[in-house]
Amino acid sequence: MQQSGLIGKTSVRDNIIISDNPRYPIFKELYIKQKKAIWFPEELNIQQDVLDYKALTPVEKEVFDMAVGYFSSSELLVGNVLVNGFFPLLIDPYAKMSFTTQMFVENIHSDFFESIMQSFAMDRDKLYRITQTDPLLYKKQDIIIREVDKLTYGKGDPYTVAGRKLILKSILLNNIVMEGIFFYSTFAHFFAMKDTGKMKNVVSGVELVLIDESLHLQNGIEAILILLDETPEIVQDEEFVQEIQTVIIDSASLEFEYLERMFGGKTIYGLTFRELKRYLQYITDRRMEELGFEPAFHVDENPLKFLQKEDFKKLTNFFEVSSTEYTNY
Ligand SMILES: [Fe+2]
Ligand SMILES: [Fe+2]
């Protein structure tokens, strides 16, 4: 099997030289972009939204609380996955720099969601446990945990095709399904709040989280594309390729179920289940395309009009590069 410059099991003595001609220049680029995007929750004025929070209707409050609760433990989960999952197998210096920057930024995100809960005196204990007590949120985390646990603590062998498949699926579930599909679905709830004039300061922080997550998504996509390029045996395994697409579509279905339960038959922050489902289909299609698959739902336009507004476009053009190619908010 072809050697990989990205993953392996090496001594700590190895790979301690940065080349001026990096093997994977994309990770140097992603490291620099993440570095430029670093921010701190203290720079925001979340407390100014306290009156807004108190004035939310019961259904609005439920959507907000569930979104904050889901993110609060999921940010820590992403950190766990990186630390104990595929990160120890990365050997390329810039890939390590890019993924350790992601790890750092996940701390910033945890810190941000923690500061929201503190500022509005929310029930932290209940919200941190929401992914244990709510059956659908539990499932959303469990599909990631079950797969990544097959790899943790050195269980994956980067010198076999089977081991590389495990690594690929872990990256897929963490960086594409969780960060690029589930997180994007919940981002839409926050951005709809801002569109209806609510929770503006909180949402300004969520916008920064979105920029970061678009880069984490790119980290994952690039790592997967490199793994596939270096392991043609995986691409030739039609059953596995099909399985990957099924994982993505099944995950989207789980999110449809969650959205239907929260929004079915109601309009909250101007959003309906129908619109949210179509938005999620649009996002899932972009993820499929970014991985080189055919889109599953054929939704070519973002149905959420408020995500097409000028201020939002400015945000996603933050890096003056084709970030929209990856994010499509
Ligand atoms: Fe994050
Ligand atoms: Fe992330």
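How big is the chain on each of its three principal axes, counting only the C-alpha atoms and giving the largest first in Å?
Principal extents (Cα only, largest first): 60, 40, 38 Å.
Kindly point out which whole DSSP H helices in the chain project their C-alpha atoms 27 angstrom or further along the helix axis while averaging a Kyte-Doolittle hydropathy of -1.0 or above. Don't jump to the answer; show the numbers that get you there.
Numbers: long enough: 58-84 (39 Å, 0.55); 93-119 (39 Å, -0.14); 200-230 (45 Å, 0.72); 238-263 (37 Å, 0.08).
Within the chain the helices that satisfy the rule are 58-84, 93-119, 200-230, 238-263.
Say we join alpha carbon atoms closer than 10 Å with springs in a Gaussian network model of the chain; which of Asn201, Asn174, Asn15 then has the biggest fluctuation?
Result: Asn15 has the largest fluctuation of those listed.
To the nearest 20 Debye, how big is the dipole of region 162-201 about its Cα centre, given +1 on the beta carbon of each Lys and Arg and -1 on that of each Asp and Glu?
Magnitude of the dipole: close to 100 debye.
At 7 Å along Cα-to-Cβ for each site, give me the label-to-label distance between Val83 and Thr57 in nm.
Distance between label points: 4.2 nm.
How much length would be gained if the chain were fully extended between Glu42 and Gln132, taking 0.36 nm per residue of separation minus their Cα-Cα distance, in nm to one decimal? Display every interim value, and only then the final one.
On the way: separation 90, 0.36 × 90 = 32.40 nm, distance 2.92 nm.
Length gained, Glu42 through Gln132: 29.5 nm.
What number comes out for the charge environment of Phe27, summing +1 per Lys or Arg and -1 per Asp or Glu over other residues with Cβ under 13 Å away?
+2
I need the calculated FRET efficiency for the pair Lys9 and Ile32, taking r as the beta carbon distance and R₀ as 30 Å, to the nearest 0.05.
Working: r = 28 Å, r/R0 = 0.93.
The calculated FRET efficiency here is 0.60.
Arrange Glu238, Glu289, Glu75 by Cβ neighbour counts within 10 Å, fewest through most, would you? Write out the running numbers ahead of the final one.
Working: Glu238 8, Glu289 14, Glu75 22.
Going from least to most buried by this count: Glu238, Glu289, Glu75.
If you build a Gaussian network model of the chain, linking Cα atoms that sit under 10 Å apart, which residue out of Tyr70, Tyr31, Tyr138 swings the most?
Of Tyr70, Tyr31, Tyr138, the Gaussian network model singles out Tyr138 as fluctuating most.
What's the local net charge at Met103, with K and R +1, D and E -1, over the other residues with C-beta under 14 Å away?
Numbers: positive: Lys35, Lys96; negative: Glu75, Glu106, Asp111, Glu179, Asp212, Glu213.
Once positives and negatives cancel, what remains is -4.
What ³J(HN,Hα) values, in whole Hz, does the Karplus curve 6.51 cos²θ - 1.76 cosθ + 1.60 give for region 7-24 when θ = phi - 60°, with x put for Gly and Pro?
Karplus-based 3J(HN,Hα) across region 7-24 equals 10, x, 10, 10, 6, 5, 6, 7, 6, 10, 10, 8, 7, 7, 10, x, 5, 10 Hz.
Cα-Cα over 22 Å: which of Lys36/Lys169; Lys54/Lys194; Lys54/Lys200; Lys126/Lys200; Lys9/Lys155; Lys194/Lys305?
Numbers: Lys36/Lys169 29 Å; Lys54/Lys194 16 Å; Lys54/Lys200 14 Å; Lys126/Lys200 24 Å; Lys9/Lys155 11 Å; Lys194/Lys305 13 Å.
Violating the 22 Å Cα-Cα cut-off are Lys36/Lys169; Lys126/Lys200.
How big is the dipole moment of the chain about its Cα centre under a simple scheme where the beta carbon of each Lys and Arg is +1, that of each Asp and Glu is -1, and everything else is neutral? Debye, nearest 20, please. Don't skip to the end; give the middle numbers.
Values: 35 positive and 50 negative charges, 108 e Å.
About 520 debye.
How big is the Rg/Rh ratio for region 188-296, C-alpha atoms only, Rh by Kirkwood, two decimals? Could the numbers behind the result be given before it?
On the way: Rg = 16.9 Å, Rh = 16.0 Å.
Result: Rg/Rh = 1.06.
The numbers here are math on the coordinates, done by the rules we state, and not lab data. Since the model is a prediction, treat every value here as computed from it, not as a measurement. Backbone-built Cβ (ideal geometry, glycine too); neighbour counts: all protein chains shown.
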